[in-house]
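Undergrad: Below you will find the structure I want to go over with you.
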Amino acid sequence: MNGSIQSEVPQLSSTDGSVATLKSVHIEGRLDGLMLVLTSRQSYRNEGQNNLETVYTFPVPWGATLLALNAEIAGHRLVGTVLEKKQATERYEQAIDAGDTPIMVEQSPPGLYTANLGNLQPGEEAVIEIEHAQLLRFEQGQIRITVPTTVAPRYGDAHAAGALAMHESVDPSLVAEYPLTVQILLTGEVAHGTVLSPSHAIATAAREDGVLVSLTRGAYLDRDLVLLIDDLRGASFATMVPDGDAFAVLASFCPEVLPQGDTSLRLKVLVDCSGSMGGDSTQAARSAMHEMLKELRPEDSISYSRFGSAVHHDLNAVYPCKPSVIRAVAGLVSRTEADLGGTEMNQALLSTFRFSAALADLQSETGSCESQRPTDVLLITDGEIWGVDDVLRCARES
């Protein structure tokens, strides 16, 4: 792939290249209604000969709120508090000068946090405990839990586009194996669902307070954990907790809404053909798109575009899904390869949003202005990029 790629996993590293070895990761969680609370305990040891002032970059689920970050070092427990950034930095530096072992956490780009840990002594162990909460969604008849365990390779400049400070970068070994254990308790209505995982081998055990989901032996910190909860009896969920002398209630109602009026689909397909999509990713994308084409109806319409370092609109307008159009798109899909260089996602999306969305013959058939109808963009990518805020902004503005 062209461009700059940075591949990261959670680790503690010093500015001189010394590394505090990650010994194990244990994640515990509880799902109550749609509220998921997870606590991750990551154990490290300084196996070098010098004190380490370390940097720890770690992922959290998208949209999650960091509740707490604590550390246990040499039998002492450090509890984090929220301070203004300048004040936090000053206190962190003062603690280092005094020979203490402070920890400072900063929010990095969306989905990432960076912890700075000072004066980890030779042979000393550190346990970093991270707690966060996330409000899940009930979509397409299921609840999906995603627990990120790595920071995937991202295209672009981590510092210019990703807003990471220079000291916040890490460069770990991709062949290292970090043991992972997970236990997530499902309570209430969700405990009656069927639990599946497309990413890991799991085991479930019924308890009085719910169903405990855990990983089987041999799991490592090498991919995100994904759990799917299907076959739920209800589509509405509520959580109630004490709040002083009162109670706080979080409710989510998911009624079944029958489609009204025109249900035809206007779809712009945009496929990542950058170098990282080579091999299994492109094969999976082609297979999925062929299955998708089987589901389109004559009243639907479609366009097809590919992108990498540049974008190529093979069908640069939204065509009615006549048999000839479906055959043409199927041929384009079959010839799709990961041969377009880098992952310039933002410009590809902008170009796809903007190109002509209506055809004269389609307007004449329907007697209406098709350009006023809503259009969906299906983005197929394995791409993690640093400039994700720009992508989301241009999508909203479109």
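Undergrad: What's the ranking of 330-336, 48-54 by average number of surrounding C-beta atoms within 10 Å, highest first?
TA: 48-54, 330-336
Undergrad: Projected area of the stretch 214-320, taken from the Cα convex hull and averaged over every viewing direction, in nm²?
TA: 13.8 nm²
Undergrad: Next question. Determine which lysines satisfy two conditions relative to Lys322: a Cα distance under 19 Å, and not lying fewer than 8 residues away in the same chain.
TA: Lys268, Lys294
Undergrad: Now for a separate question. Can you work out the accessible area per residue across the stretch 35-138, with the rest of the protein chains kept in place, probe 1.4 Å, in square angstrom?
TA: Accessible area per residue: 50 Å².
Undergrad: Sort Val241, Val190, Val257 by heavy-atom solvent-accessible area, probe 1.4 angstrom, most to least.
TA: Val257, Val241, Val190
Undergrad: How many Å² of accessible area per residue for the stretch 200-265, probe 1.4 Å?
TA: It amounts to 70 Å² per residue over the stretch 200-265.
Undergrad: What's the FRET efficiency of Leu258 with Ala284 using the Cβ-Cβ distance as r and R₀ = 25 Å, to the nearest 0.05?
TA: Working from the Cβ atoms, E equals 0.15.
Undergrad: Work out, step by step, the length gained on full extension between Ala98 and Met240: first 0.36 nm times the residue separation, then minus their alpha carbon distance; give nm to one decimal.
TA: Computed gain between Ala98 and Met240 is 46.6 nm.
Undergrad: Using a 1.4 angstrom probe with every protein chain in place, what is the largest-first accessible-area order of Asp97, Asp262, Asp300?
TA: Asp97, Asp262, Asp300
Undergrad: By how many nm would the segment from Thr65 to Leu83 grow when fully extended, if each residue of separation counts as 0.36 nm and the alpha-carbon distance is taken off?
TA: Between Thr65 and Leu83, full extension yields 4.8 nm more.
Undergrad: If you stretched the chain out fully between Asp209 and Met35, how much longer would it get, using 0.36 nm times the residue separation minus the C-alpha to C-alpha distance?
TA: 61.0 nm
Undergrad: Sequence-distant or interchain residues sharing an amide H contact under 5 Å with Gly33, placed H: which?
TA: Hits under the 5 Å cutoff: Thr187, Glu189, Val190.
Undergrad: Moving to a separate point now. If amide H atoms are built 1.01 Å from N in the plane of the peptide, which residues on other chains or at least 5 residues away come under 5 Å of the amide H of Tyr155?
TA: When sequence neighbours closer than 5 places are left aside, the close amide H contacts are Glu384, Ile385, Trp386.
Undergrad: Still on this structure: Give me the aspartates and glutamates in straight-line cross-link reach of Lys23: C-alpha distance below 13 Å, same-chain residues under 8 apart excluded.
TA: Here the aspartates and glutamates satisfying the reach criterion relative to Lys23 are Glu47, Glu124, Glu125, Glu177.
Undergrad: In addition: Name the residues whose placed amide hydrogens come within less than 5 Å of the amide hydrogen of Tyr113, ignoring near sequence neighbours (fewer than 5 apart) on the same chain.
TA: Phe58, Val60, Ser108
Undergrad: Hey, what do the phi angles of the stretch 336-341 turn into as Karplus ³J(HN,Hα) couplings, whole Hz, using 6.51/-1.76/1.60 and θ = phi - 60°, x for Gly and Pro?
TA: 6, 9, 8, 10, 10, x
The values are calculated or read from the model by the stated rules, or taken from the named source; none is laboratory data. This one's a predicted model, so the numbers in the text were calculated from it and none came from an experiment. Neighbour counts are summed over all protein chains in view; Cβ atoms, including those assigned to glycine, are modelled from backbone coordinates with ideal geometry. When the accessible area is computed, the model is the full protein with side chains, heavy atoms only, and any ligands, DNA or RNA have been set aside. Shrake-Rupley method; radii C 1.70, N 1.55, O 1.52, S 1.80 Å.
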